[in-house]
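Quick notes on the structure that follows.
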Amino acid sequence: MTTRIAAIELNVSDPAILADFYCRTLGMIRSERDGHVAVGYGADGAVLLLKQSNSSDRYRHERSDRYWKIGVTLPDLDCAHAVLAAQGVSASAPHQFRDVGYLSHLEDPEGHIIELLQHTFEGVPKTETGELERPLGGGAEIGLVTLRSSDIEADLAQCEEEFGLRYLVREQLPELGFDLYFLGKRNETAPDPNPDALINRPWIYQRPYTVLEFQHLRNGIDVQWPMPTQKGYAGIKLEGEGSPDQGFV
């Protein structure tokens, strides 16, 4: 059994209300894990583990935070955006961001960033045509969780050696001050052995499990790691090879 990302832990004000948003708006399924409310799409993808926080502070995302976002990958972003608009949910207009992906962003009621990311680039045939009657048009998964790194070599080494995740894909964006690294299951092989190859990017968004993405900051910003009691991101849980139910931040 290969290692997989099983849960992304968030400290939140009201797990029940937030779970209702993810289920009603994004079509996730509610369950329980380790005594906490969890939401996800099932199969091999991760769940969001919503843990009750006693902090009175509101979650505020900063660009130096270790945690950035989850990415919900799906076949048809235009359909997903139309489904959200019909519900009165605000999301940014779908757009092709360089050679990274066709995407849109929104926030949940407590301020956590959600990226909607199409399996394929804009103008390229979709993996599936969305249906307005289905949540987000159908085929959605928690496909990515994105962390920031100021020491990518150390993070890659730890993930590969300790956690059994394999570095597969990279997008270098020096003009924007960062690079993107994508890690998947150890037994996976990208279409092109060159991690910078364009063909690898849509491929990584089509994995049936949750991929770990690092945004490596080139501009000298020190990444701020989460405190155990603060609102927002609290860590990632892994399952598979080695010690079961491993965790890391």
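Summary of values
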{"item": "The listed residue being modelled with pLDDT of 95 or more, surrounded by 14 or more Cβ atoms within 10 Å (Cβ to Cβ) and touching a Lys or Arg at 6+ places or on another chain (Cβ under 6 Å), out of 205, 233, 181, 167", "result": "181"}
{"item": "Qualifying strands (runs of 3 or more DSSP E) (wholly inside region 127-246; at least 2 residues being more than 15 Å from the chain's Cα centre (by Cα) and either among the small types (Gly, Ala, Ser) or under 23 Å from residue 4 (Cβ atoms) (or both))", "result": "165-173"}
{"item": "Any hit, region 15-32, residues being basic (Lys, Arg) and surrounded by fewer than 16 Cβ atoms within 10 Å (Cβ to Cβ)", "result": "yes"}
{"item": "Residue that is farthest from residue 240 (Cα to Cα), among those in region 127-143 that are among the aliphatic types (A, V, I, L, M), in contact with a helix residue (DSSP H, G or I) (Cβ under 8 Å, 6 or more places away or on another chain) and surrounded by 18 or more Cβ atoms within 10 Å (Cβ to Cβ)", "result": "136"}
{"item": "Meets criteria (at negative phi, exposed (fewer than 15 other Cβ atoms within 10 Å of the Cβ) and without any contact (Cβ under 8 Å) to a residue 12 or more places away in the chain) for residue 56", "result": "yes"}
{"item": "Residue in region 65-88 that is more than 16 Å from residue 137 (Cα to Cα) and loosely packed, with under 14 Cβ neighbours inside 10 Å present", "result": "no"}
{"item": "Failed criterion for residue 188 (all others in (1) in contact with a helix residue (DSSP H, G or I) (Cβ under 8 Å, 6 or more places away or on another chain); (2) free of Cβ contacts under 8 Å to residues at least 24 places away in the same chain; (3) within 21 Å of residue 75 (Cβ to Cβ) hold)", "result": "(1)"}
{"item": "Output for region 24-71, where each listed residue is in contact with a Phe, Trp or Tyr (Cβ under 7 Å, 6 or more places away or on another chain) and of a type in the set (Lys, Arg)", "result": "66"}
{"item": "Inter-residue pairs, beta-carbon under 6 Å, first under 18 Å from residue 201 (Cβ atoms) and in region 145-171, second part of a loop (DSSP other than H, G, I, E, B) and among the basic types (Lys, Arg), 6+ apart", "result": "166/186"}
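The values are calculated or read from the model by the stated rules, or taken from the named source; none is laboratory data. In this text, all values refer to a predicted model and were calculated from it rather than measured experimentally. No Cβ is skipped: glycine too gets one built from the backbone with ideal geometry, and neighbour counts run over all protein chains shown.
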